[in-house]
Amino acid sequence: MAELHDLTALEQGAAVAAGEVSSAELVEHYLDRIERLDDVGAFVTVTAEQARERARSLTPIDRAAPGDGPLRGVPTAIKDLNLTAGVRTTFGSAAYDDFVPEVSDGVVLSMEAAGLVSLGKTATPEFGSPCYTEPD
């Protein structure tokens, strides 16, 4: 098998479904890469323990619920513009450095329903404008 990070999200989902790799293994792979390679500041908040817990909580594929999608168990990141319950959400603004929403927005809920595993929040320009990101 190619390096896990060289696989597309759909290929990773297929590997999880086939039992070739577990969601927990994918999560650890990406957390290691974040720790080693995130010198550009892509992640503003890493939710390592939440990601590990979510990966462990996913039922094995042979007991999966009907309708589980092709991305079930695949790690992802959420832009820091989306409300994520219990996870600091700054909208790229110092004014929101300590804001932790109690609810998730529709995008995050849809990602969770699809079985994706969030590794954390990625950098964004303040309030999403302009359409490119330059870290401090």
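The values are calculated or read from the model by the stated rules, or taken from the named source; none is laboratory data. These numbers were taken from a predicted model, which means no experiment stands behind them. Counting neighbours? That spans all protein chains shown, and the Cβs are built from the backbone with ideal geometry, glycine included.
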Legend entry - Subset of the range 1-23 [within 17 Å of Arg56 (Cβ to Cβ), not in a helix (DSSP H, G or I) and not aliphatic (A, V, I, L, M)]: Gly19, Ser22
Legend entry - Residue that is farthest from Val46 (Cα to Cα), among those in the range 58-96 that are in a loop (DSSP other than H, G, I, E, B), among the charged types (D, E, K, R) and at pLDDT below 95: Asp68
Legend entry - Matching residues in the range 24-53 - criterion: being surrounded by 13 or more Cβ atoms within 10 Å (Cβ to Cβ), in a helix (DSSP H, G or I) and among the aliphatic types (A, V, I, L, M): Ala24, Leu26, Val27, Leu31, Ile34, Ala48, Ala51
Inset, instruction - Looking only at the range 102-130, count how many residues are under 16 Å from Arg54 (Cβ atoms) and assigned to a helix (DSSP H, G or I). - result: 6
Inset, instruction - Among the residues of the range 102-136, count how many are within 17 Å of the chain's Cα centre (by Cα) and surrounded by 12 or more Cβ atoms within 10 Å (Cβ to Cβ). - result: 18
Inset, instruction - Any residue in the range 106-129 that's closer than 19 Å to Ser22 by Cβ: show its pairings with residues that are assigned to a helix (DSSP H, G or I) and of a type in the set (Phe, Trp, Tyr) at Cβ separation under 8 Å, as long as the two are six or more apart or on different chains. - result: Leu119/Tyr30
Inset, instruction - Within the range 111-131, identify whether any single residue is modelled with pLDDT under 90 and within 27 Å of Ala14 (Cβ to Cβ), and answer yes or no. - result: no
Legend entry - Residue check, Phe99 in a loop (DSSP other than H, G, I, E, B), modelled with pLDDT of 95 or more and at positive phi: no
Legend entry - Selection count where residues are hydroxyl-bearing (Ser, Thr, Tyr) and either closer than 12 Å to Leu116 by Cα or crowded, with 17+ Cβ neighbours inside 10 Å (or both), scope the range 8-23: 2
